[in-house]
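For reference, the structure is listed below as structure tokens.
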Amino acid sequence: MGSVDAGQDADEHERQQLVHEHEREHEHPHAHEHEPAQTSPAPTPTSTTDDGSPGSYTTRTLISHVPLASDAQTGTRAYITCVDTWNGNVYIGTSDGHVLHYVSIPGEHAGDPPVYIFATSIEPPYTAAQSGADAGVKQILLLPSISKACIVCNGTLTFYNIPELSPAFEEVKQASCLAVGGRDRNGAAEDDSINGTDVVICLRQRLRLIRVGEDSRPRKIRDIELGGVSVLERRGDLACVADGHEYSLLDVVNQRKNVLFPISSTSASQSPPLPQLQLAPPAAPARPAARSFSSRSPVRQSRVHQRMTSLGGQPQNTGQLRPESNSPFPPRRSSRQGFDSPAVPSSRDGSPTKAEAAPAPATVPENVVAEASVSTSGQSAEVARPPSPAKPKPKPLPPNIVTPTPDEFLLTTGTSKSDPGVGMFVNLEGDVVRGTIEFASYPESLVLHGVEQSSDTPSDPLRQGYVLAVVQRVYDGVRHRCIEIQRWDAEPGEAQRSKEWLPIEKMRDGEEDDGDDHAPSGIGLRNATTASDLSTTGISTSLRLRKLRVGSKEVNAEGPADLARNTEEDKLASRFGQVRANVLLYANDRVSWVLQEPLLIQLDRQLSAAMQRSDNGQPSIDVPAVQRVFNGIRGQEPRDELEFLTLTYVRQKAALLLFGNLVLQTAGGVIAYEHDKRRAEDALTAGEIDPRIMLMLVPPLDREIAEGSGIWLPQGLRDTIEWLRTGIDLDRIERDIKGAYGDNMLSLMKRYLTTWRKKKGFGSVADESHVFRSVDAALLHVLLMFDSNSPRGAAIPGSVRTELYNVVDKGIDCFDRGIQLLEEYHRLYVLSRLYQNKQYRDISKVLATWRRILEGEADAGGEFIEGEHVMREYLAKIRDVALVQEYGAWLANRNPKLGVQIFADDASRVQFEPTQAVAILKERAPEAVKEYLEHLVFGKNHVQYVNDLIAYYLDTVLVELESNHESRVLLKDSYDIYRAQFPPKPTYRQFITDNAVDAEWWHNRLRLLQLIGGSHGAASKYDVHVLGQRLAPYSDELVPEMIILNGREGKHEEALRLLVHGLGDYDTAIRYCLLGGNSIFHPSSSFLNAPERDALPSKEAQSVLFNYLLDQFFQIQDVGERLERTAELLDRFGGWFDVAKVLELIPDSWSVELVSGFLAHAFRRLIAEKNETGIVKALCSAQNMRKSMDAMELQEKMGPVVVVLEP
């Protein structure tokens, strides 16, 4: 057997001797070794934050009741010193020098966690028993790539094969070993398996880099003359090391050391000055000093050359290390200072060291382990030092080094175990970077979680990094050991706020006052060599889908289909039931995993803690706690499927609880604060929770849920819904729209349902048909409830009624339910809008609904203003002949004037022939026939219907006169009253129009006068003779009609007589003469409009009529009236009379003054005629002279012409 040494060195006091030990069979002192380890854990603790809220870390027992021996003499019980796991194997080191090996076997049932059973126990050989932290098995380093394990037991390093822990390289044992490790965190596992694994063994006087292969014995690569190192972490060629006093950066290739700062702030001030040590013999002139260990460092020897160097090769550095100042945190030293070897060993070393000059050791072939010399004690001789004054011995602290990133190391420093500790980040240049990390006390053990220290296992760049430390903390006045958990990659303030604490055990009385701060506690943390996937039921239980019971709160029996679906959902959710753990905790006789619970379990626990019940069973919700959870994931984007499901689940549960809080306040009659409603709405929108779930909590909207084959949702949400439903009597909530019910619940639901309606057609909604059927029905119901308090009438922009119209007009998926709701709330007009929607247009039901409103059926909204006009316009747009005919006739019967427009409108899509329309109206709406005929005659000038219309008017008038004597008297009285009026007075037509009687026959008579006395074409189309025969019996009562008929028949003298003597309407008589008897009773406001001027008779015909009128004026009985009317007629229309005849008719008794106007006009006319005659004669004479001149000029131009007459 040989040590892994550089070779024999005659003057070296630390030469390691070969340890010849016999393989000893030790019967393990514990019973039941081959039985399964007890893994039934105690109640699993969960970390808490400073405010007592649940944290994210917990423990999961791996092996409980580890068999630990007790010393028969002292009664001291052994404790666990180290632990590691690999590939289903657990290796536990104890303080009494045993290594316990457990192996895993599958659980009894599928899905059960594996069971660990005891496999074997070994006692690694050692040279001499150690005490303190070096006692027993100090370290187990697993090298999976080469299936080896390095075990340090009582200061002796031995090698074993894994997994069975059979001895490897039995002849190789290394004494005086403080620690083993230093694997390159930047190396790749593939390189280790091919070339072997490089590790560093920390000897008392030096570091030794060796390579261990799977089948080859350990081979030394080089020695580094730096002793007393107990902790080492390496990144490439740079290592961060710690001896008993300080941390340093070490260039393992160029062997340069950069001292950083002390482990304990008291060690620098209390340690005596160290003598200068030379780590290597003088060599050639030193290279230029390097400022750091970065890429600017001197070029290092190639690895090929290093591998060829003999085991006792010459060290590559001759630099020296000088003592620093006594500052607790000395400044970094430049690498040009070289190396010092600490003169004071750690507390584990009993003897001091002295400076020695090491001669060049002999070299041996590379594949042969150097022969080691025999050493009796494994310790170096003491160097005499002058006595110094006695000072209190400082209490050394255990160093902690971890490397969170490829460019940084995290180191801890402090004063004592019970005082706060500080973590500092150092980069590869030796500079302190980032902020510091504060610990409640100096960490007894420190590991990283959330990042991989080794670069061969890529870590998620978005994953958060945590540092876990075993510290002391006071709970309720009692000091406990606990795990302090905090972020190392967060801002200092954020890291402090997010700290968590996981309790381990209460410290024994007086333990915190122990004199040796380096005394082992039997408690520690370890990053496992291989992580383990642990099963958890929390995720799958929360995420697995279960059917929601709608309606009754009673438990509904599940059918075979539901049970099959449950089984399927369990399988799907079980995919997420694994949690990866790689941090091991050993304490007392128990080994546990320290695992960060999945985000879903963490947040679900916090939300569940917010669901509380009072002593009387009344539920309550801690809204701030729920809001904190919701805000904590606000804006967070998922990176994988589980995270997507987690964020969705938490948002939905938070939304459910925030809305449940509003329901609770509503049940208590309290109107919630606006910020509570706003937060609930924000959570609902972000969570996109199935609106049918929310409707369960809002009566009577729960009746609108369309569940189809069932509403399947995560069980955690279903349980929350059931918790709310069982704790709140929803049926007893007062449904006051203007109170808490409307303000807290309905308003929010209206906005939430409106938001969901916008998702139609996206295709991302599960069970889309039933979801949107429920959404539309509930939204319609909510709007109807709100609109019930709106005033009657048309909708105002921005009002609830406008929203209601918008929902209905865009279509709803719950058509049948929508009809029921609208009928229930008596909203017939809104129902008609629903029938008009293009998705399910039913014109017949639209018209039928309008007819119901017009016939007086209750319409709560009162929006159908001017409904008859709306129906008339609608009928003009449709193409269904039967519907137009049916409802057009119905409307004509109800409103004849408006209804006939349907049959007479040229713009209507359905056209009716007049004969067809008249037939329909006569059958279904007799009262509308007149209106239709008037429209044809007056509106469209269809003269062929004049006789029908006149007959209708005349029938109405004659029936009235025949049946009612008062009507006949009324007509006669009208004549007397009119005649009695003094000029100027209106025409008789204007008089009877202004004094019209509110009776149908009176208005028909006016239309009759207009029709038979008009100047349009219709007036010439009726049968005058037949009409005269019918009017003859009532000639005294119907004087205007007789005047018109006499004029049509050419009986002008009789017509003028009736006008002058029967009516006394002198203006109409003059109009009669001018128009030749046409349009005398037309209601035109102008005396002579354009059509009338076109139909005027000749002046000669007018003169004849004026002469008739003059004769009638001379017959007026009242002398004054006679003189006035005659003089006015002659004065205004003297040009139409022959002067001589008029003078013959004027009585001699009349004074000339009465006809002076007529005479003056006649004289002016005679003089004008004479002057016109003279002018005409002069013009004719001039014209004759011009023609004579033209003839003479033509003759002169042409000259004479000789005409020869033939014989």
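Assorted remarks:
- Where a residue in region 53-74 is closer than 17 Å to residue 600 by Cβ and its partner, wherever it lies, is not in a strand (DSSP E or B), with Cβ under 6 Å and at least six apart: 54/605; 54/606; 56/597; 56/602; 58/44; 58/597
- Taking (1) more than 30 Å from residue 1112 (Cβ to Cβ); (2) touching a residue at least 12 places away in the same chain (Cβ under 8 Å); (3) not β-branched (Val, Ile, Thr) in turn, residue 1125 satisfies each apart from (1).
- Summed over region 736-750, the residues that are over 22 Å from the mean Cα position of the chain (by Cα) and buried (at least 17 other Cβ atoms within 10 Å of the Cβ) give a count of 4.
- For region 765-785, the set of residues classified as under 21 Å from residue 798 (Cα atoms) and either surrounded by fewer than 24 Cβ atoms within 10 Å (Cβ to Cβ) or of a type in the set (Ser, Thr, Tyr) (or both) consists of 784, 785, listed by residue number.
- Residue under evaluation residue 833, criteria (1) under 22 Å from residue 686 (Cα atoms); (2) touching an Asp or Glu at 6+ places or on another chain (Cβ under 7 Å); (3) surrounded by fewer than 22 Cβ atoms within 10 Å (Cβ to Cβ), criterion not met: (1)
- Of all residues in region 144-186, those satisfying the criterion of being within 16 Å of residue 232 (Cβ to Cβ) and in a strand (DSSP E or B) are 150, 152, 157, 174, 177, 178, 179, 180, 181, 184.
- When region 625-654 is limited to residues that are part of a helix (DSSP H, G or I) and among the basic types (Lys, Arg), the one that is surrounded by the most Cβ atoms within 10 Å (Cβ to Cβ) turns out to be 653.
- Residue within region 918-926 that is assigned by TED's automatic domain parsing to the domain that holds residue 1005 and exposed (fewer than 12 other Cβ atoms within 10 Å of the Cβ) present: no
- Residue among 719, 743, 809, 787 that is of a type in the set (D, E, K, R) and within 20 Å of residue 685 (Cα to Cα): 743
- Qualifying residue in region 204-221 (condition: within 24 Å of residue 138 (Cα to Cα), in contact with a Cys (Cβ under 7 Å, 6 or more places away or on another chain) and without any contact (Cβ under 8 Å) to a residue 60 or more places away in the chain): no
- Identity of the residue in region 553-608, in contact (Cβ under 8 Å) with a residue 40 or more places away in the chain and in a loop (DSSP other than H, G, I, E, B), that ends up farthest from residue 470 (Cα to Cα): 553
- When region 983-1012 is filtered for residues that are under 28 Å from residue 1122 (Cα atoms) and either modelled with pLDDT of 85 or more or surrounded by 13 or more Cβ atoms within 10 Å (Cβ to Cβ) (or both), the ones remaining, listed by number, are 985, 986, 987, 988, 989, 990, 991, 992, 993, 994, 995.
Residue by residue, here is whether (1) under 14 Å from residue 1039 (Cα atoms); (2) not assigned by TED's automatic domain parsing to the domain that holds residue 1058 holds:
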| residue | (1), (2) |
| --- | --- |
| 953 | no, yes |
| 964 | no, no |
| 972 | yes, no |
| 994 | no, no |
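- Output for region 519-545, where each listed residue is farther than 23 Å from residue 484 by Cα and not polar (S, T, N, Q): 533, 538, 539, 543, 544, 545
- Single residue of region 854-888 satisfying the filter (free of Cβ contacts under 8 Å to residues at least 60 places away in the same chain and crowded, with 21+ Cβ neighbours inside 10 Å) that is farthest from residue 922 (Cα to Cα): 859
- Yes/no for residue 68 being part of a strand (DSSP E or B) and at pLDDT 75 or above: no
- Residues in region 1029-1070 that are under 21 Å from residue 1102 (Cβ atoms), touching a residue at least 24 places away in the same chain (Cβ under 8 Å) and basic (Lys, Arg): 1048, 1057.
- Residue within region 1012-1026 that is within 21 Å of residue 1075 (Cα to Cα) and touching a Lys or Arg at 6+ places or on another chain (Cβ under 7 Å) present: yes
- When 703, 773, 725 are checked against the criterion of being within 22 Å of the chain's Cα centre (by Cα), at negative phi, basic (Lys, Arg) and assigned to a helix (DSSP H, G or I), 773 stands alone in meeting it.
The values are calculated or read from the model by the stated rules, or taken from the named source; none is laboratory data. Keep in mind the model is a prediction, meaning the values are calculated, not measured. Backbone-built Cβ (ideal geometry, glycine too); neighbour counts: all protein chains shown.
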